[in-house]
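As C-alpha cells, the structure follows; a few thoughts come after it.
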Ligand SMILES: [Fe+2]
Ligand SMILES: [Fe+2]
C-alpha cells in the first residue's frame, strides 16, 4: 500500500513541495521520491511540474507542433501516474508559458496560486545539485524555497546553500532507461506507475486497499479518458481541493473527491441539459452512483441554488477557486484556508457573480436567487450581532 492510501485526510494541505522535471516518461522513481518527501518531511502535497523545454536537456524538437505533442504526451502519462494519489498533483504552468522553463518563474507562479503556508519545498536530485549555483537566479530560488536534495546518483554532490538532505533510497530506474527498453521492445511496464501501464486484461493488478478507493480510481481513469487534458487537470484540482475542504469541514473526503473528479465530465457533450445536470445523470446511470449529496454537488456546481448541502457548497467553491484558475481573487483563496463554510461560500458566490457580470454573462435565475438569499442571511446576521451588542451595552 502506498503512502497516499495510508494517510487519513484529516489535515489541511497547506505545506507543499515542488518536483520539476522532464518526466519523459514519468517512472516509479519519480513517484517514490515525491511520496518519500511527503512521508519523511511532512509535506501535504507535492506538485509535479513537467518542463515545457528543460534548460538542461538537449534534443528538443524544433518543430513547434512536435514540441507541443511531445509535451502533451508527457503530461498525459504524468496524469495517469498520479491516479488515485491525492497527495500528488500535476501543474502545467510551464506549458502555458511555453519557451524554456525556468524554476524561479515556476515557484512564483505556484506560490501565487496555491498559497502554501511557509516556503514551498523544492526537490532537486543530487545529479543537478552540482550545477545548481548556475541556475537562473539560484540565490533567489534558495531564498524563497526550502531546498530538498534527493539522492539520484548517490554521489553526494554538495550544494552551497542551506538545504535538507532527503536521504532516500535510490530506485534503479531512469527515464532514459525506460525509453531504451521501449525502443528495444523490452518489458518496461514494471518501471512505470500502474496508472501509466494498467494491467493487461486477464492479469490482476494491485487491487489491495479498500473497494471504494478502487472504484474511485476507476472513475478517475474513465473521466481522464473522456476529457481534454486541460479540463481533466481542472477536474482533478477541484477533486483535491474539495477533499481538503471536506477535511476542514468534517465531510466525507471520498464523496468530495468523487463529486470533484466527475463534475465536468459532460462538458463539451451536446446535450439539452446543463453540463452539471448531464454529469449527474451519467454518474447515476453509467457509474451506479446513488449518493444524493454527490449527485446534488455535481448537478449544481455551476449556478448553485438555495438550500444546497455542505458537500455541494464545497464543490461549488473548489470549482471556482482551484489553483489552475488564473483569474481568481487571491483573497478568496486565503479565505479558503480559514473562513467558516457559509462565509466562504457567500464570498465565492459573490465573487462569481461579479466576475460574470464583468464578462457580460447572463446570470441564471437560480444563481440570482442564491446570491439574494445569502445577502439577506448576511444582513440578518449582522443585525442580530448589532442588537446583541446594544443589549450588552
Ligand atoms: Fe462546470
Ligand atoms: Fe469545473
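The numbers here are math on the coordinates, done by the rules we state, and not lab data. Computed from a prediction, not measured in an experiment: that's the story for all the values here. Quick reminder, even Gly has a Cβ in these numbers, built from the backbone with ideal geometry, and neighbours come from all protein chains shown.
For the chain, the longest principal axis of the alpha carbon atoms and the long axis of helix 229-249 meet at an angle near 60°. Taking 284, 358, 130 in turn, the Gaussian network model of the chain (Cα-Cα springs below 10 Å) assigns the largest fluctuation to 358. With contacts taken as Cα pairs under 8 Å and at least 6 residues apart, segment 42-182 reaches a relative contact order of 20 percent.
Ordering 19, 67 by the number of other Cβ atoms within 10 Å of each residue's own Cβ, fewest first, gives 67, 19. Averaging the sequence gap over all C-alpha pairs within less than 8 Å and six or more residues apart, then dividing by the number of residues, gives the chain a relative contact order of 14 percent. Between the helical axis of 275-285 and the longest alpha-carbon principal axis of the chain there is an angle of about 80 degrees. Taken along the Cα-to-beta-carbon direction at a fixed 7 Å, the label points for residue 183 and residue 391 span 7.9 nm. When 313, 305 are sorted by how many other C-beta atoms sit within 10 angstrom of their C-beta, beginning with the fewest, the order is 305, 313. The orientation-averaged projected area of the convex hull spanned by the Cα atoms of segment 3-206 comes to 12.3 nm².
Kirkwood radius, the chain, all distinct C-alpha pairs, inverse of mean reciprocal distance: 22.5 Å. When the Cα atoms of segment 120-196 are aligned to their principal axes, the ranges along those axes come out at 44, 25, 22 Å in descending order.
Using the alpha-carbon positions of segment 275-393, Rg (one decimal) and Dmax (whole number) come out as 16.4, 60 Å.
Spatially, segment 325-391 and segment 232-300 are offset by 22 Å when compared through their Cα centroids. Residue order for 15, 337, 381, 85, fewest other beta carbons within 10 angstrom first, comes to 381, 337, 15, 85. Helical content of the chain, expressed as a calculated mean residue ellipticity at 222 nm, amounts to -16500 deg cm²/dmol (DSSP H runs of 4 or more residues, -39,500 (n - 2.57) each, divided by residue number, nearest 500). The value of relative contact order for segment 213-386, using C-alpha pairs under 8 Å at least six residues apart, is 19 percent. Would you look at the GNM of the chain, springs on alpha carbons closer than 10 Å, and say which of 340, 120, 50 moves the most? Of 340, 120, 50, the most mobile in the Gaussian network model is 340. All Cα-Cα separations within segment 57-106 were binned at 5 Å from zero, giving a P(r) of 4, 16, 25, 23, 19, 9, 3, 0, each value a whole percent of the pairs.
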